[in-house]
Amino acid sequence: MLETRKTSRFISLLLVLALSAACAPALQKAGSGASASPTTGAAPARATPPEAPHLQAAAASAQAPSAAATLPETAALPIDPACAIGTLDNGLTYYIRKNAKPEKRAELWLAVNAGSTLEDDDQQGLAHFVEHMAFNGTKNFKKQELVNYLEKIGMRFGPDLNAFTSFDETVYLLKVPTDDPAIVATAFQILEDWAHAVTFEDEEIDKERGVGI
């Protein structure tokens, strides 16, 4: 059963500064091909052309031991040491990783560990409905003010501002420029409002009723 009062216990935050790569090391590509030297009195041997990069990567992957074969099924996935992880006093877990590109961009994720699997039969569609309502008014951003603000600073709904609901989580995504500290501060205020300050006004609820059908 979904209980909004307990939502804060299930919140984790992923802050990725200028995200350009996942928190996992890439496979090292294999070296280039070699060529043969001509022999006295014999026709010169033809140089072997280097393999295409994607073939080199495939060969290296095939020769490397499988991670699935070396780790037991119950083992936790390894965490990239470049990721800083911690827990705030309110129980919120955060993950931070810095990337160089794209430059001057921060990507913020708010992951709530609650999805459709927690719904009772008479609550089907409620998790997705709550996700939509987060964009229709919060304590600090009335009605469409949140979307309007982000579009004003150059962000676009979809690529830079979005959310999704799955069986076991609801995730909100937000990208903002980091040139202005005030914009970054506002972005974190948006995350806080999404976490526990959605207003659920009657008028906005009626507009979104079709989402739960």
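The values are calculated or read from the model by the stated rules, or taken from the named source; none is laboratory data. It should be emphasised that the depicted structure is a prediction, and the values quoted were computed from it without experimental measurement. So basically every Cβ, Gly included, is an ideal-geometry build from the backbone, and we count neighbours across all protein chains shown. Please note that ligands, DNA and RNA were not included when accessible areas were found on the heavy atoms of the full protein model with its side chains. Shrake-Rupley method; radii C 1.70, N 1.55, O 1.52, S 1.80 Å.
Below is a table of values for the structure above.
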| item | result |
| --- | --- |
| Contacts under 8 angstrom Cβ, first residue in the stretch 116-128 being more than 10 Å from Thr165 (Cβ to Cβ), partner aromatic (Phe, Trp, Tyr), 6 or more apart | Thr117/Phe167 |
| Output for the stretch 102-123, where each listed residue is out of contact with any Leu (no Cβ under 9 Å at 6 or more places or on another chain), open to solvent by 40 Å² or more (accessible area, probe 1.4 Å) and not hydroxyl-bearing (Ser, Thr, Tyr) | Glu103, Lys104, Asn113, Asp121, Asp122 |
| Residue within the stretch 76-83 that is open to solvent by 20 Å² or more (accessible area, probe 1.4 Å), farther than 30 Å from Asp202 by Cβ, assigned to a strand (DSSP E or B) and of a type outside the set (Lys, Arg) present | no |
| Qualifying residue in the stretch 125-134 (condition: under 20 Å from Tyr94 (Cα atoms) and either part of a strand (DSSP E or B) or more than 19 Å from the chain's Cα centre (by Cα) (or both)) | no |
| Number of positions in the stretch 136-192 that are open to solvent by 70 Å² or more (accessible area, probe 1.4 Å), in contact (Cβ under 8 Å) with a residue 60 or more places away in the chain and over 19 Å from the mean Cα position of the chain (by Cα) | 3 |
| In the stretch 84-101, the residues that are of a type in the set (D, E, K, R), within 19 Å of Pro177 (Cα to Cα) and open to solvent by 70 Å² or more (accessible area, probe 1.4 Å) | Lys98, Lys101 |
| Residue within the stretch 167-176 that is among the hydroxyl-bearing types (Ser, Thr, Tyr), at negative phi and not in a strand (DSSP E or B) present | no |
